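Here's the structure, in structure tokens; my notes come after.
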Amino acid sequence: MSSSIHPTAEWHAMQDVFYRKHRIYQMQWAELDLARFRVAASSFGGPIALLRDDRLLLEAGPAPLLDSAIHVFSASGQTIGKIEYDGLQHIAGFSWNSREQLVCVQEDGTVRIFSLSGQDPTSFSLGPDASTSILDCRFWDQGLVAMTGDFRFIYVNDIGEPKPKVLADAHITEHPHSWAIVPPHLTLSHHVEVLASVGHTVLSIDAVGVQDQLLDQGPYAHISVSPNGRLAALCSDQGGRRIQVVSMDFQRSFSEYNPQGSVYDDHLFDIAWCGSDAAVASFASGETLLLGPFGDTLSFTHDAPMHLVQELDGVRMFNALCHEFLCKVSEDAKSVFQIGSTSAAALLYDALDGIRAHSSRADETVRSIRDDMPQAVDTCIAAAGSEPVPELQQSLLRAASLGKSFLPVFSGDKLVDMCRCLRVVNCLSSYSVGIPVSLLQFQSLPFEEWVARLLNRNQHKLASAVCQYMEQPSDQVYIHWACAKIRASSTLDDDALYRALRDRLDTLPGSGIASYVDIAEVANHCGYQRLAIRLLQHEPRAANQVPLLISMGQDRAAMDEAIRSGDADLVYFVIFHLFKAMPLGEFFQVVSRTQAAGRLFERYCIDQNSPVLEDYYFQDDAFAKSARLIVIENLRERDVAKLVANLKVALKILHNDRTRTLESSAIDTHIRLVQVQRQLEQELDSTFVGLPLNETLAQCLLKGNYARASKLRTEFKVPERRYYWIKLHALVLRRDWAELARLANAKKSPIGYRPFVDECIAALQYQEAAKYIPRCDVPERPQLFLRIGFFREAAQAAAATKDVDMLRQIHAASARDATLQHDIAQQIEQLTR
């Protein structure tokens, strides 16, 4: 073995289960008495926050960290930073959330959230229900529950989008002996629940109601809920320090332990869970007790009481001197290292030792496990992942590599992935980084989250190396570095800082970072506006670029970028912002400066029928558009006087633009038409205003006022062909066949005579249609006669044109007239000789 101490030296047996207590760090901070501080430690190897406990009377002296700030340390005890906090005495509770943000709840109900660096804190209020002051708090990943001065509970499910709500009133009249929360993801209702020790029982409180669990062995000084939400550990104040593990419905008791001895006489300092079936209790005397699922216990002695941090696969324990990790030994590790184990994995691991010692028995050992070699390799790989000691990890992975070499077919991906992950885990757990995590914890969070945790500690070089090693994008690393560089460069001007950033970012492979918006936003926030504008020129996505330009007051640049993107929604976004932020005249100038923005603004105003469009046209000297707008607005106007007046206004506006003579003439003609229509309404007692010229002519003809229609045609210079069509259709509808005949006979029809036939046929007036067929073109006559059923005339016309095919069609259609069929047959015979 590569390690001088056998791995089982740290194992502690509890029936057939082993637990390992492994020392992670010797704490690097200065000599501290943690009893003087309120402590908040983050899970997943996160930071430790120390806040001087203002509730204690402390002896004056040179003791460190007795100022009013919150001091932040890594898990190895190295200083990360300091959060200056005003009003320290008002903090009711504080804890880290899943994003490594420090959440501080003040007694007045204000919640303040700090990043690891303490910069740019955010805050919100718990609302009027917290007016009676906040006494205590409990936290989970992204939420919190606060107890008010009247012993009500306020909860926030997500501090990112805080919506404080109040749980049901349990009518508690005195401070609970202890209380704990069940996070929403562990409850059946998916809402947070509170377990409060009141009197001798426990109350279960949620948003709907309160349930008394009807216990009689309280009061309970501590309540702790297991990570899977199925068990609860209760520590009673009566009859000694009795610890009881019960089901969450409090109907079953799984184990109970009443520790004896003077070391347990002091009060219970902390309680947490090691996995989901074993509870860990820390006493003020320094004794730590592990209570198994069936009442078995393990005891560990320390110089000072241990603070407990519950993790996915165990519990971290630390005091001022050391930091340890207590967890269950995995089955894979037991299979390899347990004394007397004859598993294939244990034999493979022994074979590796034999090869190192140049022992001839190594080959015999490998041959004895040949059939079980795949399982042995997998077990060694898995055992390496559960081992906290790098030397043991390397030995196990070498054993797996040795076994792999004896397999004809074996994918090495699992071994390679384990090597890469363990290397990153060991790097995170080093003293300098101070993020002690197990492989299970590392794999339970996205890789980007671990990179973000390194960046929170300004470990940019390490984060970049980890991303490169794991073959993951490193954009967020360089973005965070650039932001940190800007914040720390208070003495550089915009140009120098821009060169420094570009010199580094230009060396990146590929096209560099994907987005510059976050960097530009920080630059603008720090007062480097010119730098922010220059950085935004490298931003490829206008949708990210434009909002920041607007927030910086660069309205014209924002409009230019929005138009350049070709995104109409983005242009509208800028237009609406400018409309609210600018005086109307200045807004019109900005919009009219670019054709695309002007057109989009016009379209929106037209769709919304906005009166602003008229002012826009007036300021832009858009005479034709102003006139068109007036015409459109008056399309449905029924008041003739008002309509004529408005149209005259439009005509007057158009006269200012000498290039719009055609439009001016059209409006002038329309004014005259409206006036004529008004006269026609008075004469003919019918609606004319609003009709087009063609419809006006048609209505006159339908009313039989042919003279007035002819006068209108002359007055408005209606083309003769169009007038013939209108009059033909109106006369057929009117069934005025005499006038139709006069129209046809007056002179040669400019539209021909086929329309006369078609209109009569459409009106089912076949006799009238037959009058005009002889005046149609000769080739058309047979087909037209056939359409109206005049077979003999059709046959004569077809014979005149010697159209045999048409004669055959007529012959087939005239089956009822035998004489006609005989004559047609003879004609066909003569034409086909």
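The values are calculated or read from the model by the stated rules, or taken from the named source; none is laboratory data. Note that the coordinates shown come from a computational prediction; the quantities given were computed from them, not determined experimentally. Positions of Cβ are generated from backbone atoms using ideal geometry, with glycine treated the same way; all protein chains shown enter the neighbour counts.
Report, by residue number, each residue of the range 139-181 that is of a type in the set (Phe, Trp, Tyr) and outside any loop (DSSP other than H, G, I, E, B).
Passing the criteria: Phe139, Trp140, Phe153, Tyr155, Trp179.
Just one of Val676, Val757 is over 60 Å from the mean Cα position of the chain (by Cα) and at pLDDT below 85; which is it? Working first, answer last.
On the way: Val757 fails: at pLDDT below 85.
Just one listed residue meets the conditions, Val676.
Out of everything in the range 182-227 that is of a type in the set (A, V, I, L, M), within 37 Å of the chain's Cα centre (by Cα) and in a loop (DSSP other than H, G, I, E, B), what residue ends up being nearest to Phe44 (Cα to Cα)?
My answer is Val192.
Here is a check on your reading of the model: is Val466 more than 20 Å from Gln101 (Cβ to Cβ), in contact with a helix residue (DSSP H, G or I) (Cβ under 8 Å, 6 or more places away or on another chain) and touching a residue at least 24 places away in the same chain (Cβ under 8 Å)? Steps first, answer last, please.
On the way: more than 20 Å from Gln101 (Cβ to Cβ): yes; in contact with a helix residue (DSSP H, G or I) (Cβ under 8 Å, 6 or more places away or on another chain): yes; touching a residue at least 24 places away in the same chain (Cβ under 8 Å): yes.
Yes; evaluated as a whole, the condition is true for this residue.
So that you can scan it fast, the table gives a plain yes or no per residue for (1) within 30 Å of Phe44 (Cα to Cα); (2) not in a helix (DSSP H, G or I):
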{"position": "Met317", "(1), (2)": "yes, yes"}
{"position": "Ala320", "(1), (2)": "yes, yes"}
{"position": "Phe325", "(1), (2)": "yes, yes"}
{"position": "Val336", "(1), (2)": "yes, no"}
{"position": "Ser341", "(1), (2)": "no, yes"}
{"position": "Ala346", "(1), (2)": "no, no"}
{"position": "Leu352", "(1), (2)": "no, no"}
{"position": "Ala362", "(1), (2)": "no, no"}
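Determine which single condition Ser686 fails, assuming it passes every other condition in (1) surrounded by 15 or more Cβ atoms within 10 Å (Cβ to Cβ); (2) in a loop (DSSP other than H, G, I, E, B); (3) free of Cβ contacts under 8 Å to residues at least 24 places away in the same chain; (4) not β-branched (Val, Ile, Thr).
Against the list (1) surrounded by 15 or more Cβ atoms within 10 Å (Cβ to Cβ); (2) in a loop (DSSP other than H, G, I, E, B); (3) free of Cβ contacts under 8 Å to residues at least 24 places away in the same chain; (4) not β-branched (Val, Ile, Thr), Ser686 comes up short only on (1).
Return a yes/no flag: does the range 185-197 have any residue that is at pLDDT below 90 and either farther than 26 Å from Lys163 by Cα or among the small types (Gly, Ala, Ser) (or both).
Yes, the conditions are met somewhere in the range 185-197.
Scan the range 672-715 for residues that are farther than 23 Å from Leu740 by Cα and of a type in the set (Phe, Trp, Tyr) and report the count.
1
Report whether or not Thr365 is within 10 Å of Ala344 (Cα to Cα), crowded, with 16+ Cβ neighbours inside 10 Å and modelled with pLDDT under 90. Reasoning before the result, please.
Details: within 10 Å of Ala344 (Cα to Cα): yes; crowded, with 16+ Cβ neighbours inside 10 Å: yes; modelled with pLDDT under 90: yes.
It is true that Thr365 is within 10 Å of Ala344 (Cα to Cα), crowded, with 16+ Cβ neighbours inside 10 Å and modelled with pLDDT under 90.
Residues checked against (1) in contact with a helix residue (DSSP H, G or I) (Cβ under 6 Å, 6 or more places away or on another chain); (2) part of a helix (DSSP H, G or I); (3) without any contact (Cβ under 8 Å) to a residue 12 or more places away in the chain:
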{"site": "Tyr724", "(1), (2), (3)": "no, yes, no"}
{"site": "Gly752", "(1), (2), (3)": "no, no, no"}
{"site": "Asp758", "(1), (2), (3)": "no, yes, yes"}
{"site": "Ile761", "(1), (2), (3)": "yes, yes, no"}
{"site": "Ala794", "(1), (2), (3)": "yes, yes, no"}
{"site": "Gln826", "(1), (2), (3)": "no, yes, yes"}
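Can you name every residue in the range 782-792 that is under 17 Å from Arg754 (Cα atoms) and buried (at least 16 other Cβ atoms within 10 Å of the Cβ)?
Selection gives Pro782, Gln783, Leu784, Phe785, Leu786, Ile788, Phe790.
Taking the options Asn157, Asn97, name whichever one is without any contact (Cβ under 8 Å) to a residue 40 or more places away in the chain and closer than 25 Å to Ser226 by Cβ.
On the way: Asn97 fails: without any contact (Cβ under 8 Å) to a residue 40 or more places away in the chain.
Residue meeting the stated conditions: Asn157.
Answer yes or no as to whether Ala741 is over 60 Å from the mean Cα position of the chain (by Cα), under 30 Å from Lys703 (Cβ atoms) and not in a loop (DSSP other than H, G, I, E, B).
yes
Here is a check on your reading of the model: is Lys711 touching a residue at least 24 places away in the same chain (Cβ under 8 Å) and of a type in the set (Lys, Arg)? Before the answer, list the steps.
Values: touching a residue at least 24 places away in the same chain (Cβ under 8 Å): no; of a type in the set (Lys, Arg): yes.
Judged against the criteria, Lys711 is not a match.
Pairs under 6 Å by beta carbon, first residue within 19 Å of His90 (Cβ to Cβ) in the range 50-61, partner at pLDDT below 65, six or more apart or different chains?
Within 6 Å, the pairs are Arg52/Leu66; Asp54/Gln89.
Please list, ordered by residue number, the helices (runs of 4 or more DSSP H) wholly in the range 418-514 having 3 or more residues that are closer than 21 Å to Leu535 by Cα and out of contact with any strand residue (DSSP E or B) (no Cβ under 7 Å at 6 or more places or on another chain). Give the steps one after another, and end with the answer.
Values: elements: 439-444, 447-456, 460-469, 475-488, 494-505.
It comes to 475-488, 494-505.
So which residues in the range 323-348 are buried (at least 19 other Cβ atoms within 10 Å of the Cβ) and either among the aliphatic types (A, V, I, L, M) or on the phi > 0 side of the Ramachandran plot (or both), if there are any at all?
Of everything in the range 323-348, those that are buried (at least 19 other Cβ atoms within 10 Å of the Cβ) and either among the aliphatic types (A, V, I, L, M) or on the phi > 0 side of the Ramachandran plot (or both) turn out to be Leu326, Val329, Ala333, Val336, Ala344, Ala345, Ala346, Leu347, Leu348.
Give the number of residues within the range 105-132 that are more than 27 Å from the chain's Cα centre (by Cα), of a type in the set (A, V, I, L, M, F, W, C) and modelled with pLDDT of 90 or more. Even if it seems obvious, please write down each step before you answer.
Kept after step one, since they are more than 27 Å from the chain's Cα centre (by Cα), are these residues of the range 105-132: 105-110, 127-132.
Pick out the ones that are also of a type in the set (A, V, I, L, M, F, W, C) and you get 105, 130.
Add one more test, that the residue is modelled with pLDDT of 90 or more, and what stays is 105.
The qualifying residues number 1.
Residue-wise test of (1) under 22 Å from Ala744 (Cβ atoms); (2) in contact with a Phe, Trp or Tyr (Cβ under 7 Å, 6 or more places away or on another chain); (3) buried (at least 17 other Cβ atoms within 10 Å of the Cβ).
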residue: Gln767; (1), (2), (3): yes, no, no
residue: Glu780; (1), (2), (3): yes, no, no
residue: Ala798; (1), (2), (3): no, no, yes
residue: Thr801; (1), (2), (3): no, no, no
residue: Met806; (1), (2), (3): no, no, yes
residue: Ile810; (1), (2), (3): no, yes, yes
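Looking at Arg499, Arg457, which is the one that is touching a Pro at 6+ places or on another chain (Cβ under 9 Å) and at pLDDT 90 or above? Before the answer, list the steps.
Values: Arg499 fails: touching a Pro at 6+ places or on another chain (Cβ under 9 Å).
After ruling out the rest, the residue left standing is Arg457.
Could you list, in sequence order, the residues of the range 782-792 that are hydrophobic (A, V, I, L, M, F, W, C) and either touching a Phe, Trp or Tyr at 6+ places or on another chain (Cβ under 7 Å) or not in a helix (DSSP H, G or I) (or both)?
Of the range 782-792, the ones hydrophobic (A, V, I, L, M, F, W, C) are 784-786, 788, 790-791.
The answer is Ile788, Phe790.
From the list Asp555, Asp560, Asp569, exactly one residue is more than 22 Å from Asp475 (Cα to Cα), among the acidic types (Asp, Glu) and surrounded by fewer than 16 Cβ atoms within 10 Å (Cβ to Cβ). Which is it?
On the way: Asp555 fails: surrounded by fewer than 16 Cβ atoms within 10 Å (Cβ to Cβ); Asp560 fails: surrounded by fewer than 16 Cβ atoms within 10 Å (Cβ to Cβ).
Sole residue among the options that is more than 22 Å from Asp475 (Cα to Cα), among the acidic types (Asp, Glu) and surrounded by fewer than 16 Cβ atoms within 10 Å (Cβ to Cβ): Asp569.
Any idea which of (1) surrounded by 19 or more Cβ atoms within 10 Å (Cβ to Cβ); (2) more than 30 Å from Leu428 (Cα to Cα) is the one Val522 doesn't satisfy?
Condition (2) is where Val522 drops out.
Is it the case, given these coordinates, that Val202 is under 30 Å from Phe124 (Cβ atoms) and modelled with pLDDT of 90 or more?
Working: under 30 Å from Phe124 (Cβ atoms): no; modelled with pLDDT of 90 or more: yes.
No: the conditions fail for Val202.
Quick one: would you say Arg816 is in a loop (DSSP other than H, G, I, E, B) and farther than 30 Å from Leu731 by Cβ?
Numbers: in a loop (DSSP other than H, G, I, E, B): yes; farther than 30 Å from Leu731 by Cβ: yes.
It is true that Arg816 is in a loop (DSSP other than H, G, I, E, B) and farther than 30 Å from Leu731 by Cβ.
Look at Ile243 and say whether it is at pLDDT below 90, among the hydrophobic types (A, V, I, L, M, F, W, C), under 19 Å from Leu268 (Cβ atoms) and part of a strand (DSSP E or B).
Numbers: at pLDDT below 90: yes; among the hydrophobic types (A, V, I, L, M, F, W, C): yes; under 19 Å from Leu268 (Cβ atoms): yes; part of a strand (DSSP E or B): yes.
When the stated conditions are applied, Ile243 passes them.
Determine if the range 149-169 includes at least one residue that is within 30 Å of Gly218 (Cβ to Cβ), crowded, with 19+ Cβ neighbours inside 10 Å and hydroxyl-bearing (Ser, Thr, Tyr). Step through it out loud before you land on a result.
First pass over the range 149-169, keeping only residues within 30 Å of Gly218 (Cβ to Cβ): 149-157, 164-169.
With the extra rule that they be crowded, with 19+ Cβ neighbours inside 10 Å, the set shrinks to 151-157, 164, 167.
Checking the rest, the ones that are also hydroxyl-bearing (Ser, Thr, Tyr) come to 155.
The answer is yes, given that some residue of the range 149-169 is within 30 Å of Gly218 (Cβ to Cβ), crowded, with 19+ Cβ neighbours inside 10 Å and hydroxyl-bearing (Ser, Thr, Tyr).
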